[in-house]
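Novice: I have a structure I would like to understand better, so I am pasting it below and will then ask my questions one at a time.
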Amino acid sequence: MAAILTIDQGTTSTRAILFDRQGTIQAVAQRELPQIFPNDGWVEHDPQDIWSHTADLCREVTAKAKETVAAIGITNQRETAVVWDRRTGKPIHNAIVWQDRRGAPLCRQLIDRGLEPKIQAKTGLLIDSYFSATKIAWILENVPGAREAADAGDLMFGTIDCFLLYRLTGGKVHATDITNASRTMLYNIHDLRWDEELLDLFRIPASMLPEVRDNAGLFGQSEISAIGISLPISGMAGDQQAAVIGQACFKPGMIKSTYGTGCFALLNTGSKAVTSRNRLLTTIGYRLKGELAYAIEGSIFVAGAAVQWLRDGLKLIHQAGETEALARSIAGNNGVYLVPAFTGLGAPYWDPSARGALFGLTRDTGIAEVVRSALEAVCYQTRDLMEAMANDAGASDTGSGGGNADLSTRKLRVDGGMVKNDWVMQFLADILNMPVERPVVAETTALGAAICAGLGSGLFASLDEVAGTWQRDRLFQPRMPEVDREHLYKGWRAAVKRVQNSPT
Ligand SMILES: Nc1ncnc2c1ncn2[C@@H]1O[C@H](COP(=O)(O)OP(=O)(O)O)[C@@H](O)[C@H]1O
Ligand SMILES: O=P(O)(O)OC[C@H](O)CO
């Protein structure tokens, strides 16, 4: 028997988890990651925090191992950009986090120059400061000496997977995986290579970029001086794609949605890269054992973060779990809607200047209504994504440009911190008119990275073997009458329209 060590480096915390061969968790160590907000709309992390937490947690959790640890898998917050000096290994600036909006003016210029169709055709992405390209460009333009060092070939760029791999291997390996590469806005997802035209557009030298590899395979060997143990690093994937793997969504048409800080829904479209006509993203789902799968992704920036706001901002609750009883305590939403556009709206609206609002307040409105509106908003936003996806999936299923797929005949596999809330899961099934499946293993993202590492190290033989181990905890069937569902959703759409600065 052998265990796999997974590093899950997320936006708000870092976890090291030991899985056994059956995907059961043996040990967990976790640490919160400080958030740095230097300016309005800017979000940074200290790369030294990210590395030292990771190294400490790996040591802590491997000390608890009951069996031999065979390999390491890495999964990470995506898009977040680190630039470091290859002569010293030291970052030249804090990591610029995916939520950071400082690249918005450059994005606006590129959109105004009519470049979005070209960039979407190459990368599958819409022009937005969410992706790595404008973050790297900002560092090269604004850190003294950075441009000269980059031109001299002295700088390296990496997303967090790549930075951790570099540190784990003592600076020997500069590589990333194909899913993280596909979120940079520099990687051509059809030709499967860094795109020279885009590198020129963003003025990023090719010498800064890591080698791009499949999700499973030998990435490198950890140094004893780094984490106290020498192990092969044999799997890496961005966290949302790792969740696709952990949810065993290996067949075209399967969908998963992860509810953590934000919500990210991915639809597997198989070997076909489907260009969304509904402002969703086309991205690499995974490449495992030579099998390349594309996905359509809908990204919502605020899901559990709205619950954190109820707790830390409004102080209406002490713990996230209290929201369930409060939502149940009223028969309906009494016309109260929260649009949690705290950092603008993500898919399918992509409106960076929209801001949040609470609608429908009366003299009777109480804490229960406000709390319930935050939970309902997560479900309505998922419905926005599913409506867009149904249309794109229709194009994918028929192989043509048309047709709406009937998603109600499919099931939505869910994971992330919010899914333990049964009320949310039932409301989600009701609003989507779609069965919602919750798995037994809640740490689906980390499990996905463990699966990559297991495949990469030969512990697992095939995707079929992995798919067979997925187990359902509970199925939530829709049971809300159609007329109620549509009435509630109509109220949400009207509320969103009122916060949009550029209605779509
Ligand atoms: N019972 C619950 N009901 C609603 N939201 C919850 C519940 N438990 C946790 N959450 C929310 O889930 C989020 C944590 O999920 P997690 O997957 O750990 O997030 P991340 O990986 O993005 O840090 C938090 O935003 C928290 O508010
Ligand atoms: O760290 P999480 O779980 O909030 O995920 C962040 C996403 O990867 C951003 O695209």
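The values are calculated or read from the model by the stated rules, or taken from the named source; none is laboratory data. The model shown is predicted, which means the values in this text are computed figures rather than measured ones. All Cβ positions, even for glycine, are placed from backbone atoms using ideal geometry, and neighbour counts span all protein chains on display. With ligands, DNA and RNA removed, areas are computed over all heavy atoms of the protein, side chains included. Shrake-Rupley method; radii C 1.70, N 1.55, O 1.52, S 1.80 Å.
Novice: With labels modelled as points extended 7 Å from the Cα through the Cβ direction, what inter-label distance (nm, one decimal) is found for GLN319 paired with GLU196?
Specialist: In this crude spin-label approximation the distance works out to 5.9 nm.
Novice: Scan the chain and note any complete DSSP helix (H) whose C-alpha atoms cover at least 20 Å along its axis and whose Kyte-Doolittle average is 0.0 or more.
Specialist: What comes out of the filter, once short or polar helices are dropped, is 367-398.
Novice: Something else about it: With an 8 Å Cα cut-off and a minimum separation of 6 or more residues, compute the relative contact order for region 2-240 in percent.
Specialist: Normalised by residue count, the contact order of region 2-240 is 20 percent.
Novice: Which value results when the Cα radius of gyration for region 286-329 is divided by 2.2 N^0.38 Å?
Specialist: Working it through for region 286-329, the quotient is 1.93.
Novice: How big is the gap, in Å, between the Cα center of region 350-389 and the Cα center of region 248-262?
Specialist: Cα centroid of region 350-389 versus Cα centroid of region 248-262: 22 Å apart.
Novice: Regarding the chain, what's the average projected area of the Cα-atom convex hull, expressed in nm²?
Specialist: 22.1 nm²
Novice: Taking every DSSP beta bridge with both residues inside region 1-108, roughly what % is antiparallel (nearest 5)?
Specialist: 70 percent
Novice: Going highest first, how would you order 347-360, 5-18 by mean Cβ packing within 10 Å?
Specialist: Ranked from most to least packed, the peptides come out as 5-18, 347-360.
Novice: What does the extension gain come out to for GLN30 and ARG355, with contour length at 0.36 nm per residue minus their alpha carbon separation?
Specialist: Extending this stretch completely gives an extra 113.8 nm.
Novice: Let me ask another. Grab the alpha carbons of region 200-317, take their convex hull, and tell me the volume per residue in Å³.
Specialist: Expressed per residue, the convex hull around the Cα atoms of region 200-317 is 216 Å³.
Novice: Roll a 1.4 Å probe over the protein heavy atoms and report the accessible area of ARG108 in Å², nearest 10.
Specialist: 130 Å²
Novice: What fraction of the Cα pairs in region 10-93, stated in percent, has a spacing above 14 angstrom?
Specialist: So the portion of pairs separated by more than 14 Å is 70 percent.
Novice: Still on this structure, I have one more. So how do 383-389, 87-93 stack up, highest first, on mean other-Cβ count within 10 Å?
Specialist: 383-389, 87-93
Novice: Do you know the relative contact order of the chain, to the nearest whole percent, from alpha carbon pairs under 8 angstrom that are 6+ apart?
Specialist: Reported relative contact order: 14 percent.
Novice: From the backbone phi of region 218-226, what are the Karplus-calculated ³J(HN,Hα) couplings (6.51 cos²θ - 1.76 cosθ + 1.60, θ = phi - 60°) in whole Hz, Gly and Pro given as x?
Specialist: 7, 8, x, 10, 6, 8, 4, 5, 7
Novice: Radius of gyration and Dmax for region 2-240's Cα atoms, expressed in Å?
Specialist: Values for region 2-240 (Cα only, Rg and Dmax): 17.7, 58 Å.
Novice: Over the chain, what is the percentage of antiparallel beta bridges among all DSSP beta bridges, to the nearest 5?
Specialist: Once the DSSP bridges in the chain are tallied, antiparallel ones form about 70 percent.
Novice: So if I restrict to the alpha-carbon atoms in region 449-504, what is the Rg, and what is Dmax, the biggest pairwise distance, in Å?
Specialist: 21.7, 53
Novice: Pop out the Kirkwood hydrodynamic radius of region 73-171 from its pairwise C-alpha distances, inverse of mean 1/r, in Å to one decimal.
Specialist: On the way: mean 1/r = 0.0694 Å⁻¹.
Final number for the Kirkwood radius of region 73-171 is 14.4 Å.
Novice: When ligands, DNA and RNA are left out and all protein chains stay put, how many square angstrom of accessible area per residue does the chain have with a 1.4 Å probe?
Specialist: 37 Å²
Novice: Related question: Using only Cα atoms, figure out Rg for region 304-382 and give it as a multiple of 2.2 N^0.38 Å. The partial results should precede the final answer.
Specialist: Working: Rg = 12.4 Å, N = 79, 2.2 N^0.38 = 11.6 Å.
Taking the Cα Rg and dividing by 2.2 N^0.38 Å, one obtains 1.07.
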